[in-house]
Amino acid sequence: MTSHMGTTDGTAGRTTAADSGTWVLSDLPVRRIGFGAMRLTHLADGSPSDRDRVTGVLRRAVELGVNHIDTAAFYFSETRSANELINRALAPYADELVITTKVGPGRDPSGEWWWATPEQLRGQVEENLRQLGRDHLDVVNLRVPRQETTGSIAEHFGALAELRTAGLIRHLGVSNVRPDHLAQARAIAPVVCVQNAYGIGSPAAEHALLDACGEQGIAYVPFFAIAGAGKEAGAAAEDDSAVREIALAHGVSPAQLRLAWTLSRGAHVLAIPGTGNPDHLVENVAAGSLRLAPEEIARLGAA
């Protein structure tokens, strides 16, 4: 089988993020292949990233047409801050660049986690503004601590809605949520995106939430689409046989196939793969041009 991906070299025919298609977050058009900033601050072994290398990756992402970057103030290591790396690499920001961030979780300087009260969310928003060097945030997701056990998110989301009314935030989203959380949020203010863990092998309930978001005109933004159950540790060494076989048939890596499959789930699905590796960046962007046959999509969905 021949891959339907474009070339990824430096020629005029190279694959760019534009090949993945576009979705509009209310009034903000974004390419469906974006970039996640979580992996900018450190290497897989925990050591600090090379500052020049990762700022170069950010600039290269924009050159390749990426205009949707996902970040957070709590993405930091002892010597690196994802937001400040973005600021250093990309400010002054292009008008079409959309930066999405998250609030709710916080980390003290030692790295210990804490969760914000509704009253503390403004401070988190202002910290993102300061680090990014902006006077407003394009999209802010309320990150829920534990999807399975978290009760109502109405008070937290209401606090963010007030900051939206005040002009500090342009649009709102929710992350790590159940359908009832989404309904609570939508009763308070418009929701432009849902950011949940999702990929090949996800449970039926998450497939259903993805579909429901499409029906409601809400972007669905998977995280850990490549890593799957490996989460922060990265993808498992062994892929499902269907993943290996279909990737081989297309001449792509399993990681590229996983990204392409998530994008195949609907025009409202956006990908935010993260990397500090310039070669992996090019591969991730190229995955946005891979088109899978219906039977391949179905086989991977059953994996």
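The figures follow:
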{"read-out": "Ala293/Trp114 FRET efficiency (R0 45 Å; Cβ-Cβ; nearest 0.05)", "value": "0.45"}
{"read-out": "Sequence-separation-based contact order of the chain, relative, with Cα cut under 8 Å and 6+ spacing, percent", "value": "22"}
{"read-out": "Segment 159-217: equivalent-ellipsoid semi-axes (sqrt of 5 x gyration tensor eigenvalues, Cα, Å)", "value": "24, 11, 9"}
{"read-out": "Rg and Dmax [Cα atoms of the chain; Å; Rg one decimal, Dmax integer]", "value": "18.4, 56"}
{"read-out": "Burial ranking of peptide ranges 274-284, 288-298, 249-259, 145-155 (average Cβ count within 10 Å, highest at the top)", "value": "249-259, 274-284, 288-298, 145-155"}
{"read-out": "Highest-MSF residue in the chain out of Glu206, Glu78, Glu126 [GNM, Cα springs under 10 Å]", "value": "Glu78"}
{"read-out": "Packing-based order for 46-59, 82-95, using average beta carbon neighbours within 10 Å, highest first", "value": "82-95, 46-59"}
{"read-out": "Size of electric dipole in the chain: Cβ of Lys, Arg +1 and of Asp, Glu -1, about Cα centre, debye, nearest 20", "value": "260"}
{"read-out": "Distance from segment 74-152 to segment 260-303 (C-alpha centre basis), Å", "value": "26"}
{"read-out": "Accessible surface of the chain, 1.4 Å probe, proportion on carbon and sulfur as whole %", "value": "52"}
{"read-out": "Residue-level accessible surface for Ser241, protein heavy atoms, 1.4 Å, Å²", "value": "50"}
{"read-out": "Ratio of Rg to Rh over segment 128-168 (Cα coordinates, Kirkwood Rh, two decimals)", "value": "1.05"}
{"read-out": "Lys/Arg +1, Asp/Glu -1 at C-beta; the chain dipole; positive extreme among Thr55, Ile153, Ala255", "value": "Thr55"}
{"read-out": "For the chain, calculated [θ]222 nm from helices alone, where every DSSP H run of n ≥ 4 adds -39500 (n - 2.57)", "value": "-10500 deg cm²/dmol"}
{"read-out": "Viscosity 0.890 mPa s, temperature 25 °C, Stokes-Einstein D of segment 149-190 from Kirkwood C-alpha radius, µm²/s", "value": "234"}
{"read-out": "Surrounding net charge for Arg31, when Lys and Arg each add one and Asp and Glu each subtract one, Cβ distance under 10 Å", "value": "-1"}
{"read-out": "Estimated FRET transfer efficiency when R0 is 30 angstrom, pair Ser152-Val24 (beta carbons, to 0.05)", "value": "0.50"}
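The values are calculated or read from the model by the stated rules, or taken from the named source; none is laboratory data. Because the structure is predicted, anything quoted here is derived from the model rather than measured. Backbone-built Cβ (ideal geometry, glycine too); neighbour counts: all protein chains shown. Keep in mind that these areas ignore ligands, DNA and RNA; they rest on the heavy atoms of the full protein, side chains included. Shrake-Rupley method; radii C 1.70, N 1.55, O 1.52, S 1.80 Å.
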